[in-house]
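See below for the structure under consideration.
The values are calculated or read from the model by the stated rules, or taken from the named source; none is laboratory data. Given the structure is predicted, the values throughout are model-derived calculations rather than measurements. With ideal geometry, Cβ positions are generated from the backbone for all residues, glycine too; neighbour counts draw on all protein chains shown. Protein only, heavy atoms only, side chains kept; ligands, DNA and RNA dropped before computing areas. Shrake-Rupley method; radii C 1.70, N 1.55, O 1.52, S 1.80 Å.
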Amino acid sequence: GIQVEQSPPDLILQEGANSTLRCNFSDSVNNLQWFHQNPWGQLINLFYIPSGTKQNGRLSATTVATERYSLLYISSSQTTDSGVYFCAVAGTSGSRLTFGEGTQLTVNP
Amino acid sequence: DVKVTQSSRYLVKRTGEKVFLECVQDMDHENMFWYRQDPGLGLRLIYFSYDVKMKEKGDIPEGYSVSREKKERFSLILESASTNQTSMYLCASSSTYGTQETQYFGPGTRLLVL
């Protein structure tokens, strides 16, 4: 099945800093989503982005499907951005989502 | 907004008990999913359903079964709970399987099996 690798596994920032999270995947995809899991365990969908670029406030994401990677940018980070960020993909065969292991982000005041 | 609810946030059961985890979504989604989340392993798919009374095995179905008698409700059943089933269980729903729509998650159930 499709493999998903996220980096870095852990990231510690000071409030106000910018960061880039990366997701590499091993095959062509027709579905790629970024999620944020807050410290209480709730997963929130951030972006549906199998290709191209999207922005939502301080967050933006870019997927380069031909090179099999996606990037999540967080600008002017806030303590509420802390949590785990997951990338999940589905291949072109229509298979279900496969999740990466996540990036644990800690934003300190 | 889509709302996915799970019957319990925390649950403690004993080895050998039959355990039911309930998930309800209010957006008429066709697809529903059960995952478990363990440290260092990310989310792994247990079972999913793309229609009422339909079910498909995910990556780790052993020791679990599911039921979908109504479109809005998807139940995960641990036939005989074991300590290695201690985990966080997450339910999700989406409107189109594996294509355009995003998955929406419930708050999760932390299950401890003693």
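Collect the residues in the stretch A:56-81 that are in contact with a Lys or Arg (Cβ under 9 Å, 6 or more places away or on another chain) and on the phi > 0 side of the Ramachandran plot, keeping them in residue-number order.
Within the stretch A:56-81, A:SER76 is the sole residue that qualifies.
Which one is nearest to B:ASN84 (Cα to Cα) among residues in the stretch B:7-32 that are of a type in the set (A, V, I, L, M, F, W, C) and at pLDDT below 95? Talk me through it step by step, then tell me what you get.
Let us first name the residues in the stretch B:7-32 that are of a type in the set (A, V, I, L, M, F, W, C), namely B:11-12, B:19-21, B:23-24, B:27, B:32.
Still in the list and also at pLDDT below 95: B:27, B:32.
Values: B:MET27: 33, B:MET32: 24 Å.
Filtering first and then ranking leaves B:MET32.
How many of the residues making up the stretch B:32-80 are surrounded by fewer than 19 Cβ atoms within 10 Å (Cβ to Cβ) and aromatic (Phe, Trp, Tyr)?
1
Between B:GLN37, B:GLN6, B:GLN103, which is in contact with a Leu (Cβ under 6 Å, 6 or more places away or on another chain) and at negative phi?
Matching residue, one of B:GLN37, B:GLN6, B:GLN103: B:GLN37.
Need a quick list: strands (runs of 3 or more DSSP E) entirely within the stretch B:46-114 having at least 3 residues that are under 11 Å from the mean Cα position of the chain (by Cα) and more than 23 Å from A:LEU32 (Cα to Cα).
Values: elements: B:64-70, B:73-78, B:87-94, B:109-113.
Those strands (runs of 3 or more DSSP E) span B:64-70, B:73-78.
For every residue, the table says whether it meets (1) assigned to a strand (DSSP E or B); (2) open to solvent by less than 30 Å² (accessible area, probe 1.4 Å); (3) of a type in the set (D, E, K, R); (4) touching a Leu at 6+ places or on another chain (Cβ under 9 Å).
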position	(1), (2), (3), (4)
A:LEU11	yes, no, no, yes
A:GLY16	no, no, no, no
A:THR20	yes, no, no, yes
A:CYS23	yes, yes, no, yes
A:HIS36	yes, yes, no, yes
A:TRP40	no, no, no, no
A:LEU46	yes, no, no, yes
A:SER60	yes, yes, no, yes
A:TYR73	yes, no, no, yes
